[in-house]
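Below is one structure, written out as structure tokens; the observations come after it.
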Amino acid sequence: MNDRLSLLSVVEQLSPSVTVRRLGDLRVLVVDHPRVRGAVTLQGGQVIAWQPAGSAPDGLWLGERNTWRAGEPVWGGVPLCWPWFGRAGEPLHGFARVLDWDLVTLDESADGVALTLSLSSSGRTLRTWPHDFALSTRIVLGTTCGIEVAAHGEYTSTAALHTFLSIGSLGRARLSGLGGRYADNLLSTNVGGSDGMVTPTGHIERIYTDPERACVVEDTARGRAVGIAHHGASDVVVWNPGPELSASTSQLTDADYRRFLCVETGRINTPLTSTPDRPGRLGVTLRLLPDA
């Protein structure tokens, strides 16, 4: 886990393994458990660190240039893009990742920690998206990292769990299980007949529209792999800014792009449908695997 997080002063002890700390303007739930170390920001209900016991480094990448200012997205971890993905509205990728969530439940066991957080519609959200909603996310941190989002109400929405995986070196991380079709946003083309594998070496923006239920990133630079199980997804987005975009983005260093690969569990081409009787659901489970 990022050393900066573990050194933050404790504001409140919530359980033997979970504390509230403050990083800039943001409140952070820091988990220090025998089975796992991790952290979740209340802004965005966002996992920003996950490190099972005995593994190094962290399974998730977290940017060093984050401002930690209220209302500004946190680069890294697993942001939730909702209720829209991309530039369908303002702010980019929706408001769920920049608003404060409430901690509803905290359960601690010998296997790890489970947190439930919630976000509801307000005057602020209704000005940009005219729907009443109740959003919840259940986060389980242990040997795996599980995130499940449930969108209650009556509407459709698009969403993505925008996972920033920490990798040893771009170009030495091969992703498989993506399925045979994708839309390439850089080339403005649709591609069929793919073998479902890709080893990004630079800027990539692809939406795979027929993914398998699980993907694997083989990180040969670190000698490990990461299993990514998608729950309720219709799409998987693969993204990396490459050197030019990384250099022109204030939240990234020139070299940051080499250290992460975004594999996003999404509902983009097939939106989530929420009804009063059935919430829309989207989830992801991450697992570190040895010997890539």
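The values are calculated or read from the model by the stated rules, or taken from the named source; none is laboratory data. Computed from a predicted model, the values in this text were never measured in an experiment. Note: ideal-geometry Cβ built from the backbone for every residue, glycine included; neighbour counts use all protein chains shown. To get the accessible areas, we keep the full protein, side chains included, count just its heavy atoms, and leave off ligands, DNA and RNA. Shrake-Rupley method; radii C 1.70, N 1.55, O 1.52, S 1.80 Å.
Here's a check for you: in segment 91-108, which residue that is open to solvent by less than 10 Å² (accessible area, probe 1.4 Å) and not aromatic (Phe, Trp, Tyr) is nearest to Ser250 (Cα to Cα)?
Step by step, filter segment 91-108, then rank; the result is Gly94.
Considering only segment 68-82, I want to know if a residue exists there that is modelled with pLDDT under 95, buried (at least 20 other Cβ atoms within 10 Å of the Cβ) and within 23 Å of Ser246 (Cα to Cα).
Looking through segment 68-82, none of the residues is modelled with pLDDT under 95, buried (at least 20 other Cβ atoms within 10 Å of the Cβ) and within 23 Å of Ser246 (Cα to Cα).
For (1) surrounded by fewer than 21 Cβ atoms within 10 Å (Cβ to Cβ); (2) touching an Asp or Glu at 6+ places or on another chain (Cβ under 9 Å), each residue gets a yes or a no:
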{"residue": "Leu245", "(1), (2)": "yes, no"}
{"residue": "Gly266", "(1), (2)": "no, yes"}
{"residue": "Thr275", "(1), (2)": "yes, yes"}
{"residue": "Gly280", "(1), (2)": "no, no"}
{"residue": "Pro290", "(1), (2)": "yes, no"}
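Take Arg69 and decide whether it is touching an Asp or Glu at 6+ places or on another chain (Cβ under 7 Å), touching a residue at least 24 places away in the same chain (Cβ under 8 Å) and charged (D, E, K, R).
yes
In segment 41-60, which residues are over 30 Å from Arg124 (Cα atoms) and within 10 Å of the chain's Cα centre (by Cα)?
Residue satisfying the conditions is Leu60 alone.
Quick one: is Ala88 modelled with pLDDT under 95 and open to solvent by 10 Å² or more (accessible area, probe 1.4 Å)?
In short, yes.
Looking only at residues that are surrounded by fewer than 22 Cβ atoms within 10 Å (Cβ to Cβ) and among the charged types (D, E, K, R) in segment 22-39, which one is nearest to Gly227 (Cα to Cα)?
Per the stated criteria, the residue is Arg35.
Of the numbered conditions (1) out of contact with any Asp or Glu (no Cβ under 8 Å at 6 or more places or on another chain); (2) small (Gly, Ala, Ser); (3) in contact (Cβ under 8 Å) with a residue 40 or more places away in the chain; (4) farther than 29 Å from Gly54 by Cβ, Ala229 fails exactly one; give the number of that condition.
(4)
Show the residue pairs that are 6+ apart or on different chains and have beta-carbon atoms under 8 Å apart, the first residue being within segment 6-21 and without any contact (Cβ under 8 Å) to a residue 60 or more places away in the chain and open to solvent by less than 100 Å² (accessible area, probe 1.4 Å), the second being assigned to a loop (DSSP other than H, G, I, E, B) and of a type in the set (A, V, I, L, M, F, W, C).
Val20/Leu14; Arg21/Leu8
Here is a list of conditions, (1) surrounded by fewer than 16 Cβ atoms within 10 Å (Cβ to Cβ); (2) under 12 Å from Leu115 (Cα atoms), and Leu42 meets all of them except one; can you say which number that is?
(1)
Would you be able to say whether some residue in segment 250-257 is within 21 Å of the chain's Cα centre (by Cα), touching a residue at least 12 places away in the same chain (Cβ under 8 Å), outside any loop (DSSP other than H, G, I, E, B) and surrounded by 14 or more Cβ atoms within 10 Å (Cβ to Cβ)?
yes
Regarding segment 162-180, can at least one residue be identified that is farther than 25 Å from Arg287 by Cβ, out of contact with any Cys (no Cβ under 9 Å at 6 or more places or on another chain) and hydroxyl-bearing (Ser, Thr, Tyr)?
no
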